[in-house]
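Worksheet: the structure to be examined is printed underneath.
Every number here is computed from the coordinates shown, using simple stated rules; none is lab data. Quick caveat, the model's predicted, so the values are computed rather than measured. Cβ placement follows ideal geometry from the backbone for every residue including glycine, while neighbour counts extend to all protein chains displayed.
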Amino acid sequence: VKSYLGQIEKNAHLNAFNGVFGDEALQRAKEVDNRLKNGSAGKLAGMVIAIKDNICYKGHKVTASSKILSNFESIYSATIVERLLAEDAIIIGRCNCDEFAMGAANETSYFGPVKNYADHTKVSGGSSGGSAVAVQANMCHAAIGTDTGGSVRQPAAFCGTIGFKPTYGRISRHGLIAYASSFDQAGPITRSVEDAALLLEVMAGADEYDSTASAKPVPAYAAGLEKSTGKKKIAYLQESISSPGVDQEVKNVLSRTIDKLRAEGHSVTPIAFEYLDYLVPAYYILVTAEASSNLARYDGVHYGYRSPAATDLLSTYKRSRSEGFGKEVKRRIMLGTFVLSAGYYDAYYAKAQKMRRLIQEKTNQIFDEYDFILMPTAPGPAYNMGNVEADPVVSYLADIFTVQASLTGSPAISLPVGNNTDGLPLGLQLLAKHFNEQELLNFSKYFM
Ligand code: GLN
């Protein structure tokens, strides 16, 4: 804990943390040491973990990197936090992220952007940028992020770490600050597949506080981890090699990986995904619709910031929300409200729901034939700061590879596959059939 606290201090300029629980973590470390001595320590004894600042931890601030929650303190802990603590994890702090997890560069945070440790002029990725940089710069052992459309996987790729989004419903969402409830899923950001497996095992499972959390038994993922030996059938997206929108060095690493897999006897087949162009539009219509509804609760009355200029009920709502939310969040509330509004609902929201179903069916068909789908995590490496502000649509489009697993609820993992010629990390992503986490983790070991 001391060494990680030292790293956090030394790297404060990266802006990865919104809050550090130094004394408390040291105190807990002593308690865990004692339990280790008397043989009663949990599975995560000694593991120092950072959590994204949209995960509730009783008695600690949770801000979602928004002004509207900048002084809000959790009155209960998320189920995942309870489970991590019960196994003797030590939580060292809460990590910066995009405001309400909306973004892909960690540039929409009220507390400022997070810098990539590999190159301070580049973004960390997002929305769990702080969590990824905390692992990248050795400020903790592992971090927990949340992934709605890529927010664990894409920053992990930009920061050279592993980012794992389990099947929707594998992990309880109770105590996560909601962005888009039918997409949100927590996931570990780690340096090893072993840690990802162990953290999943601890966090997963049914929860009476989240009816969408699956009752499927939780396998002992860590003990079950073995480098897979069988020959696999892998599909990869043809467009990820042929599209001019994908960075050449990303294409190169993907091609090399495909060659290596083939050389070792796996079958690797290019596929065309006919709905590729609909992934991003369907995703952004649905998540903004859900977000506009989820964020209605920040009314200046129930939670967080209340405008000092408010004079009556209506101005409390209007001013608190106008002053409390940032630009990107407002953009999404307006977009979501629009696609849900009378007269446009059928044209946008209902249509996007149908699209989601078609995307799910088509993806299932692929998994009837193949074990995994391989694709880049992002079209390119971490980019310069300031791009998102310049054109949000360009940033939305860069989510092309991560949103498929989010629309379908499939488990997906981003694996670090080395650096480009500028020294920036690159990641590749594997998707698997629902609840095939064990197979996905086992095959991931192959890449490490
Ligand atoms: N970049 C995507 C978005 O802004 C994903 C964010 C996330 O997964 N939380 O919606």
- Query: Given the convex hull over the Cα atoms of the stretch 339-448, what projected area results after averaging over all orientations, in nm²?
  - Reply: 9.1
- Where both partners of a DSSP beta bridge lie in the stretch 2-203, what percent of those bridges are antiparallel, to the nearest 5? 65
- Note on the structure: One computes Rg over Rh for the chain from alpha-carbon atoms, with the Kirkwood Rh, and obtains 0.95
- Quotient of C-alpha Rg and 2.2 N^0.38 Å, computed over the stretch 2-203: 0.91
- Query: Relative contact order of the chain: what whole-number percent is it, with Cα pairs under 8 angstrom and at least 6 residues apart?
  - Reply: 18
- Flagged links, alpha-carbon separation over 30 Å, of LYS115/LYS251; LYS122/LYS354; LYS122/LYS251; LYS115/LYS227: LYS122/LYS354; LYS115/LYS227
- Message: Given the options HIS120, ALA132, GLN154, identify the residue whose Cα lies farthest towards the positive end of the charge dipole of the stretch 84-160 (+1 on Cβ of Lys, Arg; -1 on Cβ of Asp, Glu).
- Response: HIS120
- Query: Of all DSSP beta bridges located in the chain, what percent are antiparallel, nearest 5?
  - Reply: 65
- Task: Could you work out the equivalent-ellipsoid semi-axes for the stretch 103-198, taking the square root of 5 times each eigenvalue of the Cα gyration tensor, largest first, in whole Å?
- Result: 20, 16, 10
- Item | Cβ charges +1 (Lys, Arg) and -1 (Asp, Glu), total dipole of the stretch 87-218, debye | 320
- About the Cα centre, charge dipole magnitude for the stretch 2-203 (Lys/Arg +1, Asp/Glu -1 at Cβ), debye: 100
- From phi via Karplus (6.51, -1.76, 1.60), per-residue ³J(HN,Hα) for the stretch 371-377 in Hz, x at Gly/Pro: 7, 9, 10, 10, 7, x, 7
- Lys and Arg at +1, Asp and Glu at -1: neighbours of LEU225 with Cβ under 12 Å from its Cβ sum to -4
- Check: the chain dipole with +1 on Lys, Arg Cβ and -1 on Asp, Glu Cβ, in debye: 220
- Using +1 at the Cβ of each Lys and Arg and -1 at the Cβ of each Asp and Glu in the chain, identify which of LEU44, ALA291, ALA223 lies farthest towards the dipole's positive end. LEU44
- Relative contact order (%) - the stretch 122-262, alpha-carbon pairs under 8 angstrom, separation at least six: 18
- Task: Please give the peptides 55-66, 95-106, 287-298, 125-136 ranked by average Cβ packing (other Cβ atoms within 10 Å per residue), highest first, as a rough proxy for protection.
- Result: 125-136, 95-106, 55-66, 287-298
- Only Cα pairs under 8 Å and at least 6 apart count here; give the relative contact order of the stretch 368-441 as a rounded whole percent. 39
- Message: Give me, ordered by chain and number, the residues 5 or more places off GLY304 or on other chains with an amide H under 5 Å from its own placed amide H.
- Response: none
